[in-house]
Each structure stands twice: as structure tokens, then as C-alpha cells.
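Asker: Got a structure for you, questions after.
The values are calculated or read from the model by the stated rules, or taken from the named source; none is laboratory data. These numbers come from a predicted model, not from an experiment. Neighbour counts are summed over all protein chains in view; Cβ atoms, including those assigned to glycine, are modelled from backbone coordinates with ideal geometry. Note: areas computed on protein heavy atoms with side chains; ligands, DNA, RNA excluded. Shrake-Rupley method; radii C 1.70, N 1.55, O 1.52, S 1.80 Å.
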Protein chains: 2
Amino acid sequence: MPLLSQACNIPPAEDKEIIHFSSKQETKARFLLAIGTSIQRGLVIYICFFKGADEDLVPKIVDTLLNVKLSENENSEFVSVLDLPGDVLIIPQATLGGKPKGRRMQYHANIEKEKGLELYSQFVALCEKELATNAKCLEAGVLVKHGTYGNRQVLKLDTNGPYTHLIEF
Amino acid sequence: MPLLSQACNIPPAEDKEIIHFSSKQETKARFLLAIGTSIQRGLVIYICFFKGADEDLVPKIVDTLLNVKLSENENSEFVSVLDLPGDVLIIPQATLGGKPKGRRMQYHANIEKEKGLELYSQFVALCEKELATNAKCLEAGVLVKHGTYGNRQVLKLDTNGPYTHLIEF
């Protein structure tokens, strides 16, 4: 199963915060997501695809994540990462699909690795496109950064208040 | 809704990792949990109680979290945090109970704050008891550290490979 591999830190800041975010819709349950965000700095997304996930799901996920109001701005108002505007750090995290079986974790719900890589690549590309076509993001020069699918990677987070959510699609 | 308040960093280390861990059992769905662990160092738990959660659930949650094999030891074997042995950092994280409604997050599933504080205090106390009565943990001098319920707090994580799980009880 994939782990993270590439060092991809969110930009250093004195006052940033994490949001973890993920969701589940039992009727579909094709996709599980956890997001951490650096409030006033951006959004950290932990992403895991389940068996049955397909390309149609990707635009919906991207639209939700980039537009839901999870980030706190200078006036303590919650805004979307596009409106912040902030960086987006995407972390492929297949372990999110695990379930405890006795004392061990099992990952039977996870998508096959090749299909997962395909969906992950589409997800990253669409996030990049959305930021690249958003005027505020362009002006601020914010970026999408992402981990390498299937590998372990270094991660450091620095927060003045973790703010964790879960969503499933 | 509660946010984190107390600074409670996991001990610094060159080689530690994070695990986030949470689970859901739809038939109960009284409790949602996300855990991050510092592999070879301990376990970070993000915890949120849903409406309907009660005292009976606490021992089950503690037993699962402290005994499931989520931590990697020096020989790259997965062991429980009790067997590692490692520190446990508990973070009350009510935002885990959120669901997106349009562009905003709503937290209608979360337990009332007073009851949540009561369950959180029991959870922390039971974790402390389990570590205090475990020979390996006693010898290694590992500790339970925890955030303050209902407040925002600083959190820093440093990892050589986040390893995130979700469990619901």
C-alpha cells in the first residue's frame, strides 16, 4: 500500500493552523479524504481512494475542497482556500482506507494501486488548474504542492490550532 | 464548539512519524476519532464525540487505540503503542464531527459540550491508567499528554512519513 515519500512542507509561518478534513457518503463510499489546512496559509489534504472510485468523482471532490470555508482569514472569518488565497498541499494517504481487524489494520477497501495513481494524478492536475485559473490565487502566487503516490515522505506541520475535518464522497 | 488550547507537542525526534487514525461504525456512530502517531515515538489521537456517546464506549475505544498495531519499531515491525512503548498525545477535536452544508461546515452531530468534556476527561484518565499499569510503559517512562477540551491550542508535528487512519466506534 502507498505511503508518502516526498518532502513537501507547507510554508513556514508563525500563525498557521492545520485543518484535517475528510468525508464519507455511505451510499457511495468511493473516496475517503482527510484534510489538514494551514489557516491563513492554505490547505493540507490527505487523500485515499476506495475501490469503485472513478474519474467522475474527481471534479466533485476538487470543487468541494477548494470552495468550502475551512480557512480563517486575517479578520477571523472562514473563507475557502481559493478566497484566502492559500497554498494546497496534497498527500496521498492510503492508510486512511484501513480498518482494524483484531490488533492489525487491513486495507481491503482500497482501490488498486494503478487506478489509485491515475485518480490521484487527475486530482492533483485539476487542483493545479483551478488555482491557475483563479485571479486571486494567480495574483498571490499560491501553489499546489503534492506528495508522490505510493511512497513514504517527510511531513512537518506547524499549527496554532489544529482544525480537523472528515469528508467522504 | 471546542477547539484546541494547550500547547502539547510530541517529543522532538529525528525519525518520528505521524499516524492519524479514526473510525466509524454506522450502526453506532457515537464517536469519531482520528489518530496521528509518532512512529517509534508514540501516538497522536484526535478525538470527537457524537451525540449519544456514553461512558460505556470509553473503555472500548481506549482498548482499541492502545492495542492496535499502528507504530513501527526499530525492526520495522508494527506494534501497539503500549508495546513500542510510546507517548500518547490526545487532542480534543470537535471539528471532526463536521459535515459540509453548501460552502459551510455544520456540527449538528456533535455531543453537547458538557457531556463531551466529561467523556473526554474519562478517556484521558483511562489512557493514563493503562500506561501507568503497563510494565513496559512504566520502565520506559512514557506519558499521556493531552489538550484542553473546548479551546484552541498549538500543535506541531514532525514526521518521516504520515501514516493516517480513521476509526469510528
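Asker: Can you find a residue in region A:97-106 that is at pLDDT 85 or above, at the interface with chain B (Cβ under 7 Å from one of its Cβ atoms) and under 21 Å from A:Lys145 (Cβ atoms)?
Answerer: no
Asker: I've got another one for you. For region B:111-120, which residues satisfy the criterion of being open to solvent by less than 60 Å² (accessible area, probe 1.4 Å) and part of a helix (DSSP H, G or I)? Quick ask: steps written out before the conclusion?
Answerer: To start, the set of residues in region B:111-120 that are open to solvent by less than 60 Å² (accessible area, probe 1.4 Å) comprises B:111, B:115-116, B:119-120.
The answer is B:Lys115, B:Gly116, B:Leu119, B:Tyr120.
Asker: Identify the residue in region B:69-88 that is within 11 Å of chain A (Cβ to nearest Cβ) and part of a strand (DSSP E or B) and, among all such residues, is surrounded by the fewest Cβ atoms within 10 Å (Cβ to Cβ). Before the answer, list the steps.
Answerer: In the first step, residues of region B:69-88 are kept if they are within 11 Å of chain A (Cβ to nearest Cβ); the result is B:69-70, B:72, B:78-80, B:82-83.
Of the ones still in play, those that are also part of a strand (DSSP E or B) are B:72, B:78-79.
Values: B:Glu72: 19, B:Phe78: 17, B:Val79: 20.
Filtering region B:69-88 for residues that are within 11 Å of chain A (Cβ to nearest Cβ) and part of a strand (DSSP E or B), the one surrounded by the fewest Cβ atoms within 10 Å (Cβ to Cβ) comes out as B:Phe78.
Asker: Further question: Filtering region A:122-166 down to residues that are of a type in the set (Lys, Arg) and modelled with pLDDT of 70 or more, which residue is most open to solvent (accessible area, probe 1.4 Å)? Explain how you work it out, then say what you get.
Answerer: Step one: list which residues in region A:122-166 are of a type in the set (Lys, Arg), which gives A:129, A:136, A:145, A:152, A:156.
Filter once more, keeping what is modelled with pLDDT of 70 or more: A:129, A:136, A:145.
Details: A:Lys129: 123, A:Lys136: 102, A:Lys145: 72 Å².
Looking at residues that are of a type in the set (Lys, Arg) and modelled with pLDDT of 70 or more, I get A:Lys129.
Asker: Just give me the residues in region A:68-83 being in contact with a helix residue (DSSP H, G or I) (Cβ under 9 Å, 6 or more places away or on another chain) and free of Cβ contacts under 8 Å to residues at least 24 places away in the same chain, in sequence order.
Answerer: Passing the criteria: only A:Ser80.
Asker: Would you check if there is a residue in region A:51-68 being under 22 Å from B:Ala94 (Cα atoms), more than 10 Å from chain B (Cβ to nearest Cβ) and modelled with pLDDT under 85? Working first, answer last.
Answerer: To start, the set of residues in region A:51-68 that are under 22 Å from B:Ala94 (Cα atoms) comprises A:64-68.
Pick out the ones that are also more than 10 Å from chain B (Cβ to nearest Cβ) and you get A:66.
Restricting the remaining residues to those that are modelled with pLDDT under 85 gives none.
So far as region A:51-68 goes, no, none of its residues is under 22 Å from B:Ala94 (Cα atoms), more than 10 Å from chain B (Cβ to nearest Cβ) and modelled with pLDDT under 85.
Asker: Does B:Gly116 meet the test of being out of contact with any Lys or Arg (no Cβ under 7 Å at 6 or more places or on another chain) and at positive phi? Steps first, answer last, please.
Answerer: On the way: out of contact with any Lys or Arg (no Cβ under 7 Å at 6 or more places or on another chain): yes; at positive phi: no.
Considered against the rule, which asks whether it is out of contact with any Lys or Arg (no Cβ under 7 Å at 6 or more places or on another chain) and at positive phi, B:Gly116 comes out as no.
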